[in-house]
Amino acid sequence: MVDPASVPDRAPAAVLARAAVAAGYAPSLHNTQPWRWSAHPDRLELFAERGRQLPAVDPQGRLLAISCGAALHHALVALRAQGWTAEVDRTADPDRPDLLATLTAGARTPVTPTAKQLFDASSTRRTDRRPVSDQPVPAQAVAAIQEAVTGRARLQVLTREQVIDLAAAADVAVAVESADPAIRAELAYWTGRSERGGVGLPVGVLPARAPQTTVPDRDFGRAGTLVVGSGHDRAATYLLLYGDDDEPAGWLRAGEALSAAWLTAEALGVSVLPLSAAIEVAGTRQILRRLLSGLGHPYLVLRLGIADPDQPGPPQTPRISPAGLVEIATL
Ligand SMILES: Cc1cc2nc3c(=O)[nH]c(=O)nc-3n(C[C@H](O)[C@H](O)[C@H](O)COP(=O)(O)O)c2cc1C
C-alpha cells in the first residue's frame, strides 16, 4: 500500500476512499471482515455486513460490532496519517439498521510521528497465537496501551488470581463450544481455508499444536502449520476490555478501543492476542463480569506479551479485495 503521508493535498473523496481501503487491515472475528463501506465525495458510511456474521457463536452481533469498530478506528488512523481529522456520527438510523457510523473529513492537521507510527502498525500487526516469551511486558507499555483506549472503553489488568479464574472460564467456554455441533460447523467453515475470497483463517496462522498456556485459546478443531516453541504465558499480561453497556453502541466503541490498543501495542513491540470464547458463552461472560466487580460489561480478553524471538511469527492473514468492501457512491 502507498504511504498516505507521502501524498500531497488531495480532494477529501480520494482521501476518504483510501481510508476505507486501509481499514481492510483491521482484525475481525475469524477474519470475517463483517463490514462494507460506501464512499461518498464528502463522507464514508460504515455498514455491518450481516452475511458475514456468525449466527452460532455471535447471535447478538457483539463480536461483529467489535470487528466493525476496529475497521472504523483503522479508517480514522489512515485519515490522520494523510493529514485529515474526521467527525464521526454514530447515530442509529431506523431506516438503515446496518449503518453503524458516518465519517466526514474535518480540518486538515499536521501528520504527527504518532499518526504515522499507528498507520504503519496497521499493516505490520498480526494475531500471534504462539505462546509468548518469558520477558514481561514493560509496565510503561501496559500503561500506554491502557491509555490508548480512553474515551472508548477501559482496560483492566487482571491479577494472578484473576488470571486463574479467567483460565477456568476459558476452559469451560472452549468445552461448551467444542460440544456444540453448530459452532463446530461454523468454525470448520471459517478455518483452515486456502485462498477463498480472502476471508477466514488459513492453516499458516493456526498453531501446529495447542500451546501449553494457562489460559487456552479456542480449539480451532484442526492443527495448523504455525510452529509453536516451548514458551508459556507466565510472563503474559491479561487484560479485560470493558465498558458501561452491553449494547451495539458500546460494542462499536469497544472495537475502536481494541484497534487503538492493538496499534499502540504494535508500535511498542508488544504482541496482542484477543480471546473471545469466554465472551461468546453467556455463562462464562457472567464470570468475567464478576471479575470486574460491577465496574462494567466485558467485551474481550486481551493477552499482551513479548513474542518469542526464536521462532518466525505468523504470516499475514489474507483479506477481501478492496472492491469487495468499498463501494464508491457517485452521488
Ligand atoms: C472481536 C474479535 C475476536 C477475536 N477472537 C479471537 C480468538 O478468540 N482467538 C484468536 O486466536 N483470535 C481471535 N481474533 C483474531 C482474529 O482471528 C484475527 O484478527 C483475524 O483472523 C485477522 O488476522 P490478523 O489479526 O492477523 O490480521 C479475534 C479478533 C476480533 C476482532
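The values are calculated or read from the model by the stated rules, or taken from the named source; none is laboratory data. This one's a predicted model, so the numbers in the text were calculated from it and none came from an experiment. Cβ: placed from backbone, ideal geometry, glycine included. Neighbour counts: every protein chain shown. In case anyone asks, the SASA skips ligands and DNA or RNA and just uses the protein heavy atoms, side chains included. Shrake-Rupley method; radii C 1.70, N 1.55, O 1.52, S 1.80 Å.
Here are the numbers for the structure shown:
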{"quantity": "The chain: DSSP helices with Cα axial extent of at least 20 Å and average Kyte-Doolittle hydropathy no lower than 0.0", "calculated": "62-81, 160-178, 248-267"}
{"quantity": "Of all DSSP beta bridges in the chain, antiparallel share, percent nearest 5", "calculated": "85 percent"}
{"quantity": "Amide proton proximity set for TRP84, modelled H, under 5 Å, gap of 5+", "calculated": "THR109"}
{"quantity": "With every protein chain in place, the chain: carbon and sulfur % of accessible area (1.4 Å)", "calculated": "56 percent"}
{"quantity": "Proximal charge balance of ASP134 [Cβ under 12 Å; K/R count +1, D/E count -1]", "calculated": "-2"}
{"quantity": "Accessible-area ranking of ILE145, ILE328, largest first, probe 1.4 Å", "calculated": "ILE328, ILE145"}
{"quantity": "At R0 = 30 Å, FRET efficiency that the Cβ-Cβ distance of ALA182 and HIS232 yields, to 0.05", "calculated": "0.40"}
{"quantity": "Solvent exposure, largest accessible area first (probe 1.4 Å, DNA, RNA and ligands not counted), of ARG290, ARG319, ARG184", "calculated": "ARG290, ARG184, ARG319"}
{"quantity": "Translational D in µm²/s for the chain (Stokes-Einstein at 37 °C, 0.692 mPa s, Kirkwood Rh from C-alpha pairs)", "calculated": "164 µm²/s"}
{"quantity": "Gain on full stretching of the segment that runs from ALA139 to ALA210 - 0.36 nm per residue minus C-alpha separation", "calculated": "22.7 nm"}
{"quantity": "Residue-normalised accessible area of the chain, expressed per residue, 1.4 Å probe, Å²", "calculated": "42 Å²"}
{"quantity": "Long-range amide H partners of ILE328 with built H, under 5 Å", "calculated": "ALA39"}
{"quantity": "Extension gain (nm, one decimal) between VAL172 and GLN146, 0.36 nm per residue minus Cα-Cα", "calculated": "6.6 nm"}
{"quantity": "Accessible surface of ILE306 - all protein chains present, 1.4 Å probe, nearest 10 Å²", "calculated": "30 Å²"}
{"quantity": "Sum of -39500 (n - 2.57) over DSSP H runs of 4+, divided by residues of the chain (222 nm, nearest 500)", "calculated": "-11500 deg cm²/dmol"}
{"quantity": "FRET efficiency, THR109 to SER293 (Cβ-Cβ, R0 45 Å, nearest 0.05)", "calculated": "0.70"}
{"quantity": "Relative contact order (%) - criterion: Cα under 8 Å, at least six apart; region: the chain", "calculated": "26 percent"}
